[in-house]
Ligand code: ZN
């Protein structure tokens, strides 16, 4: 794989995960879970730019920092996806190692049953599904720091989700996906247990773990509610982004042009194992059209959709933000 785009341009590294986007069914159930169970803040209530009758809900730390942004398209009444290859099967969030008792108590109080007996590469992991069956791992780890705690979270800052820990990708074959993940994006292999191969991408406190689970006997996943739609890798600025667009295109991965997503700039391409990748910029971020206090409180539209606000609002179900204050 050719990672040199020539012309003497210094290519800046992928610094970690920018955001992860998944599909959901009921919008209110999604809001209730991510705020009241995971303790994240709804930082943006917008629309799917490719289907404006569907919300795009963004959750994260207080400002929706890159590396914390979990986003959803809630399609309403829709069937659940099924797990299998060619998809991200688990989304992992990092929580402090000292917070196990808090999370056991909190999850039980919220009526969430979880599998709490896994140890992956030396870290304890609790696994449970979100309301649409998307599998969430809480990884108790010293890695990551919570830079912007949300002071209204139901989860006290000392126990809160710090950032994405990483993801698990289910694949039928390892080598073609590694050729892109390592050969183009610059991820590094760390270790493996049986058919689980761990890679790290990014730098310092922003690095993320990518586990490839290789099992050719699995069926191909069917994407619908509860399925991860894509993962966005993170770059620092527009200049770096343009270089990455050329790098991806030059490696024959069929990148889109740069798309203005208003809160960041994006390119998309599908890696050989079938998973949709995006590369997104840190800038301009979620405070480009709302103040820090206002984030997520009302429907915001990219300016080019504003003339259609009434029609869009009428097509979307109302959502209510649950009471979310620190309880302990
Ligand atoms: Zn995205």
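A few remarks follow.
- Our estimate of slack between residue 249 and residue 104, defined as 0.36 nm per intervening residue step minus the Cα-Cα distance, is 47.6 nm.
- Using all pairs of distinct alpha-carbon atoms, the Kirkwood hydrodynamic radius of the chain works out to 20.1 angstrom.
- Column: log10 I(q)/I(0), Debye, Cα scatterers of the range 26-145, q = 0.16, 0.22 Å⁻¹: -0.86, -1.48
- With both labels modelled 7 Å from their Cα along Cα-to-Cβ, the residue 147 to residue 29 distance reads 3.5 nm.
- Contour excess over end-to-end distance, with Cα ends at residue 173 and residue 305 and 0.36 nm allotted per residue: 43.4 nm
- Nearest-0.05 FRET efficiency for residue 257 and residue 12, computed from C-beta distance (R0 35 Å): 0.95
- Net length available on complete extension from residue 298 to residue 220 is 24.3 nm, with 0.36 nm assigned per residue and the Cα-Cα distance removed.
- Taking label positions 7 Å along the Cα-Cβ direction at both residue 194 and residue 287, the computed distance is 4.6 nm, reported to one decimal.
- The chain: calculated mean residue ellipticity at 222 nm from DSSP helix runs of at least 4, using -39500 (n - 2.57): -4000 deg cm²/dmol
- Compactness of the range 65-129, expressed as Rg and Dmax over alpha-carbon positions, Å: 14.5, 40
- Computed over the range 67-225, the Cα gyration tensor eigenvalues convert (square root of 5λ each) into semi-axes of 26, 21, 15 Å, ordered from largest to smallest.
We did not get these values from a lab; they are worked out from the coordinates using the rules stated. These numbers come from a predicted model, not from an experiment. Positions of Cβ are backbone-derived with ideal geometry, glycine not excepted, and every protein chain shown enters the neighbour counts.
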